[in-house]
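Reviewing the structure listed below.
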Amino acid sequence: VNRIGMLTSGGDAPGMNAAIRAVVRKSIYHGLEVVGIKRGFDGLLKKEFVKLQLGSVADIIHRGGTILHTARSEEFKTEEGQRKGVNNLRDGGIDGLVVIGGDGSFKGALALAKLGVPVIGVPATIDNDVGGTDLTIGFDTAVNNVVDAINKIRDTATSHERIFIIEVMGRHAGHIALYAGLSGGAESILVPEIPVDIDEVIFKLQRGINRGKLHSIIIVAEGAASGLTIGEEIKKRMGQETRVTILGHLQRGGTPTALDRMLASCMGAKAVDLLLEGESRKMVGIVNGQLVAVDIEDALSRKRALNRELWELAAILAI
Ligand code: F6P
């Protein structure tokens with residue numbers, strides 16, 4: 001490879017900038033040129049190319065979001081769009097591509113790879129739902145954002161002796177809910193991977209109140225149920241006041257944690273190494289603390305399973 005293209009796609013994730021920095025610096029270190037493609041696959045179709053220099057990525061390692069911007073492209077899902085993408089890369093002299101994003105983005109990456117473009121994926125999504133890696137960039141920061149919110153809500157929950165329901169992101173996965181719920185000491189954690197048992201939730205709430213608990217916190221993953229519905233149900237059944245907080249996009253912003261910056265730096269650099277080795281259709285992953293290269297198709301076919309043991313532990317510790 002001589003000129004690497006890079007784009008961020010799908011929902012942004014804290015740490016994407018650190019990954020962009022790593023790709024740029026590692027490429028230049030090896031004498032390669034780097035072209036940033038703005039606004040994901042949409043920008044690829046519009047040839048929104050910018051040359052990235054060492055200085056282009058200065059002062060971004062600590063910033064959330066992505067300096068390349070991101071988008072979810074409908075046109076790129078079509079075969080015609082994908083062919084146009086390949087032609088645009090060729091016109092730009094780009095002979096290797098790094099795609100930073102989640103599984104939606106990797107479907108696009110795979111399509112390009114099948115059309116002959118060397119492509120390497122770097123997993124970045126707060127949802128941590130990508131197969132083939134224990135962690136995605138942005139998950140740790142999002143979990144810390146949620147834990148921070150739980151800490152604050154606890155103060156007011158205790159003062160008013162209230163039941164709080166906190167709805168968190170994660171799309172169809174419950175990883176954010178599980179990690180934040182366990183770290184934040186939630187009474188119940190509702191996730192899409194395990195059927196919601198409202199009787200159990202109420203039993204636990206009642207048990208807590210009976211032993212003198214001043215407040216209760218229930219974490220609901222958006223993919224499991226609506227926080228508002230759960231709040232209404234508890235109010236109806238227990239005759240107790242509830243308050244619902246939907247954390248929304250607060251979870252996706254802010255300075256990335258050291259862990260996310262580490263992951264992003266290592267994964268971004270590894271993506272460049274893989275392109276230099278002539279690899280394609282691979283995604284960088286971290287498995288048992290080791291950087292690995294996994295087949296993108298493989299990663300796409302395996303959703304990360306929820307850690308049930310952790311979920312059971314959270315239930316035990318909330319007794
Ligand atoms: O995939 C990341 C994510 O934040 C999900 O957790 C959430 O369901 C979705 O993106 C929200 O998407 P948008 O920012 O387009 O509303």
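The values are calculated or read from the model by the stated rules, or taken from the named source; none is laboratory data. Please read these numbers as outputs of a predicted model, since none were measured by experiment. As a convention, Cβ positions derive from the backbone with ideal geometry for all residues, glycine included, and neighbour counts pool all protein chains shown.
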Counting only residues that are free of Cβ contacts under 8 Å to residues at least 40 places away in the same chain, out of contact with any helix residue (DSSP H, G or I) (no Cβ under 7 Å at 6 or more places or on another chain) and closer than 14 Å to residue 265 by Cβ, the range 8-53 contains a total of 1
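So which of 93, 81, 65 is small (Gly, Ala, Ser), within 16 Å of the ligand (Cβ to nearest atom) and modelled with pLDDT of 95 or more?
Working: 93 fails: within 16 Å of the ligand (Cβ to nearest atom); 81 fails: within 16 Å of the ligand (Cβ to nearest atom).
Of the residues listed, the single one that is small (Gly, Ala, Ser), within 16 Å of the ligand (Cβ to nearest atom) and modelled with pLDDT of 95 or more is 65.
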Those residues of the range 73-94 which are surrounded by fewer than 17 Cβ atoms within 10 Å (Cβ to Cβ) and under 14 Å from residue 11 (Cβ atoms) amount to none
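With respect to residue 112, determine if the residue is crowded, with 23+ Cβ neighbours inside 10 Å, within 22 Å of residue 136 (Cβ to Cβ) and over 21 Å from the mean Cα position of the chain (by Cα). Before the answer, list the steps.
On the way: crowded, with 23+ Cβ neighbours inside 10 Å: yes; within 22 Å of residue 136 (Cβ to Cβ): yes; over 21 Å from the mean Cα position of the chain (by Cα): yes.
For residue 112, the condition - crowded, with 23+ Cβ neighbours inside 10 Å, within 22 Å of residue 136 (Cβ to Cβ) and over 21 Å from the mean Cα position of the chain (by Cα) - is met.
Among the residues of the range 242-281 satisfying the criterion of being aliphatic (A, V, I, L, M) and under 16 Å from residue 65 (Cβ atoms), which is surrounded by the most Cβ atoms within 10 Å (Cβ to Cβ)? Talk me through it step by step, then tell me what you get.
Within the range 242-281, the first condition is being aliphatic (A, V, I, L, M), and the residues that meet it are 244, 246-247, 250, 258-259, 262-264, 267, 269, 271-272, 274-276.
Keeping just the survivors that are under 16 Å from residue 65 (Cβ atoms) gives 250, 264.
Values: 250: 15, 264: 28.
Of everything passing the filter in the range 242-281, 264 is surrounded by the most Cβ atoms within 10 Å (Cβ to Cβ).
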(1) free of Cβ contacts under 8 Å to residues at least 40 places away in the same chain; (2) part of a helix (DSSP H, G or I) all hold for residue 107 apart from (1)
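Pick from 99, 119: which is modelled with pLDDT of 95 or more and either of a type in the set (Asp, Glu) or away from the ligand (no atom under 16 Å from the Cβ) (or both)?
Values: 99 fails: either of a type in the set (Asp, Glu) or away from the ligand (no atom under 16 Å from the Cβ) (or both).
So the residue among 99, 119 that is modelled with pLDDT of 95 or more and either of a type in the set (Asp, Glu) or away from the ligand (no atom under 16 Å from the Cβ) (or both) is 119.
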Quick check: is even one residue across the range 234-248 part of a helix (DSSP H, G or I), within 24 Å of residue 188 (Cβ to Cβ), under 16 Å from the mean Cα position of the chain (by Cα) and not β-branched (Val, Ile, Thr)?
yes
Regarding the range 289-311, can at least one residue be identified that is surrounded by 15 or more Cβ atoms within 10 Å (Cβ to Cβ), touching a strand residue (DSSP E or B) at 6+ places or on another chain (Cβ under 9 Å) and closer than 24 Å to residue 198 by Cβ? yes
Among (1) in a helix (DSSP H, G or I); (2) at positive phi, residue 212 falls short only on (1)
In the range 127-138, anything of a type outside the set (Ser, Thr, Tyr), within 16 Å of the ligand (Cβ to nearest atom) and in contact with a strand residue (DSSP E or B) (Cβ under 9 Å, 6 or more places away or on another chain) is listed as 130, 131, 135, 137, 138
Going through the range 219-239 in order, the residues found to be farther than 15 Å from residue 161 by Cβ and either in contact with a helix residue (DSSP H, G or I) (Cβ under 7 Å, 6 or more places away or on another chain) or basic (Lys, Arg) (or both) are 219, 220, 221, 233, 236, 237
The residue that is farthest from residue 153 (Cα to Cα), considering only those in the range 249-262 that are in a helix (DSSP H, G or I) and more than 16 Å from the ligand (Cβ to nearest atom), is 262
>> Given the condition over 17 Å from the mean Cα position of the chain (by Cα), within 16 Å of the ligand (Cβ to nearest atom) and closer than 15 Å to residue 317 by Cβ, answer yes or no: does some residue in the range 212-229 qualify?
In response: yes
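Name the residue, out of 248, 278, that is of a type outside the set (Asp, Glu), closer than 23 Å to residue 97 by Cβ and out of contact with any helix residue (DSSP H, G or I) (no Cβ under 8 Å at 6 or more places or on another chain).
Matching residue, one of 248, 278: 278.
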Listed by first then second residue, the pairs whose first member lies in the range 240-262 and is farther than 14 Å from residue 141 by Cα and at pLDDT 95 or above, whose partner is more than 13 Å from the ligand (Cβ to nearest atom) and among the basic types (Lys, Arg), with beta carbons under 8 Å and at least 6 positions apart or on separate chains, are 242/162; 242/235; 243/162
Does at least one position in the range 62-70 carry a residue that is in contact with a helix residue (DSSP H, G or I) (Cβ under 7 Å, 6 or more places away or on another chain), crowded, with 24+ Cβ neighbours inside 10 Å and assigned to a loop (DSSP other than H, G, I, E, B)?
yes
